[in-house]
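Below is one structure; the comments refer to it alone.
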Amino acid sequence: MEQTTEGAAKIRVGEGTFYNPKMRKLRDISVVFLKALGMRNTRLLDATAATGVRGIRYALEARIRDGVLLDINPAAYRNARANVRLNGLKLRVLGKSLQEFANTSKESFDIIDLDPFGTPVPLVHDALKLCKRHAVLMVTATDTATLCGAEAAACLRNYGSVPVHNEFCHEAGVRILLSFVAREAAQFGFGIEPLLSISDMHYMRLFLRLEQGADKAHESVRCSGFGAYCSNCHNFVYEAGIEHRADAKCSYCGKHMQFFGPLWLGKLHDRQLLGRMLHLCDGNDADAEKLLELAREELDTPFFYSVPKATSYLGLGSVSPARVLATLSKRHRATKTHFDESGIKTDAGIGAVIDAVRRVSKE
Ligand SMILES: C[S@@+](CC[C@H](N)C(=O)[O-])C[C@H]1O[C@@H](n2cnc3c(N)ncnc32)[C@H](O)[C@@H]1O
Ligand SMILES: [Zn+2]
């Protein structure tokens, strides 16, 4: 069996066990996240371990000595157990499903990582049964076609939300996932605080802190609301609250708008934590650092305007998003976004964005 090295971990990938070297960037980010939080001497559950690479890296690099690795697949379980030994660690490895473990064990954890194939929906409820107060929960979703609205019926079935399939569908998908986790967590008396929420390559990933208390749970459920999108001029509006408004006309072009949600309308990241994470990056993963930089700089306001969509609405040739951003920034708050390299987040409203695009196009 061939041995590879990832971070501080030595990993052998057994037959029938999943290991994707391209997901290293996300594992690097997760390690830096735990280091920045100072999660030493806490208890970890890597609930979907496969080779065990995450749990092993967290233990070695973020110095988390106590933990459990689970995998439902017997081949993966044996592989993870061998890798834990290979790295000289004392983590426990169990060949069980998260559901079985959550419903038979009395243990609780400070850190839980969910990294399943496809949707995390069947796992979140059971993971929450195992969370300590103030636990950190990390959740990966790779069912992005569902969350981004290419499979709208599946999104309604799995997440209880109507998705939107447009230029900001990845951000809307991340916010649908957050809203789902917030509603699940509220059943256990937890509110959620998103510390980092990203969409990259073929996955979405949430890094959350749980806050115990009925008021926290209530507050985080109230952070969800609905959006409306105009597919003519690409305007959007959003409103927190669980009351769904039946219809809306676009304030810019007067066309009918399409509703979507419920989805999370609160903040996506903790900027200070991102600063500490960037400080801890060792320069080995430029891609991960670029993603974290963009996340740190982007405004908290939901959604963004796509510069190519604006030029196509106006019937103009392409213009530089950087120049539109510079023009808009003279009078308004505006930033890039990690969700789309030609997108601009701003609280200026569509009229100001359209004016800026026109001005840059004339120059
Ligand atoms: C995408 S892989 C995990 C990859 C790994 N975290 C990494 O970074 O390389 C998903 C793993 O979850 C396991 N799995 C799926 N459903 C599970 C469940 N209900 N409980 C525990 N493990 C599960 C699968 O057997 C598979 O090994
Ligand atoms: Zn419109």
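The values are calculated or read from the model by the stated rules, or taken from the named source; none is laboratory data. Just so it is clear, the structure is predicted and the values come from calculations on it, not from any experiment. Every residue, glycine among them, receives a Cβ derived from its backbone with ideal geometry; neighbour counts consider all protein chains shown.
Looking across the stretch 64-104, not a single residue is polar (S, T, N, Q), within 24 Å of residue 37 (Cα to Cα) and within 11 Å of ligand 1 (Cβ to nearest atom). Scanning the stretch 1-50 for residues that are assigned to a loop (DSSP other than H, G, I, E, B), of a type outside the set (S, T, N, Q) and more than 14 Å from ligand 1 (Cβ to nearest atom) returns 1, 2, 8, 38, 39, 40.
When you scan the stretch 126-146, how many residues do you find that are assigned to a loop (DSSP other than H, G, I, E, B), hydroxyl-bearing (Ser, Thr, Tyr) and over 11 Å from the mean Cα position of the chain (by Cα)? So that I can check it myself, show each step before the final result.
To start, the set of residues in the stretch 126-146 that are assigned to a loop (DSSP other than H, G, I, E, B) comprises 130, 142-143.
Adding the requirement that they be hydroxyl-bearing (Ser, Thr, Tyr) leaves 142.
Next, only the ones that are over 11 Å from the mean Cα position of the chain (by Cα) stay: none.
The number of residues fulfilling the criteria is 0.
Scan (1) within 16 Å of ligand 1 (Cβ to nearest atom); (2) in a loop (DSSP other than H, G, I, E, B) for the single condition residue 283 breaks and write down its number. All conditions are met except number (1). Using the structure shown, decide if residue 90 is in a helix (DSSP H, G or I) and either of a type outside the set (A, V, I, L, M, F, W, C) or touching a residue at least 12 places away in the same chain (Cβ under 8 Å) (or both). It is false that residue 90 is in a helix (DSSP H, G or I) and either of a type outside the set (A, V, I, L, M, F, W, C) or touching a residue at least 12 places away in the same chain (Cβ under 8 Å) (or both). Here residue 112 qualifies as part of a strand (DSSP E or B), among the aliphatic types (A, V, I, L, M) and either away from ligand 1 (no atom under 14 Å from the Cβ) or surrounded by 23 or more Cβ atoms within 10 Å (Cβ to Cβ) (or both). With respect to the numbered conditions (1) among the hydrophobic types (A, V, I, L, M, F, W, C); (2) free of Cβ contacts under 8 Å to residues at least 12 places away in the same chain; (3) crowded, with 16+ Cβ neighbours inside 10 Å, which one is the sole condition not fulfilled by residue 264? Answer for residue 264: the failing condition is (2). Each residue in the stretch 210-241 was checked for being within 16 Å of ligand 2 (Cβ to nearest atom) and either in contact with a strand residue (DSSP E or B) (Cβ under 8 Å, 6 or more places away or on another chain) or of a type in the set (Phe, Trp, Tyr) (or both), and 10 pass. Inside the stretch 203-238, residues that are among the small types (Gly, Ala, Ser) and either part of a helix (DSSP H, G or I) or within 16 Å of ligand 1 (Cβ to nearest atom) (or both) make up a count of 3.
Suppose the filter is at pLDDT 95 or above, away from ligand 1 (no atom under 12 Å from the Cβ) and among the acidic types (Asp, Glu); does residue 61 pass it? Lay out the reasoning, then the answer.
Numbers: at pLDDT 95 or above: yes; away from ligand 1 (no atom under 12 Å from the Cβ): yes; among the acidic types (Asp, Glu): yes.
Criteria met by residue 61.
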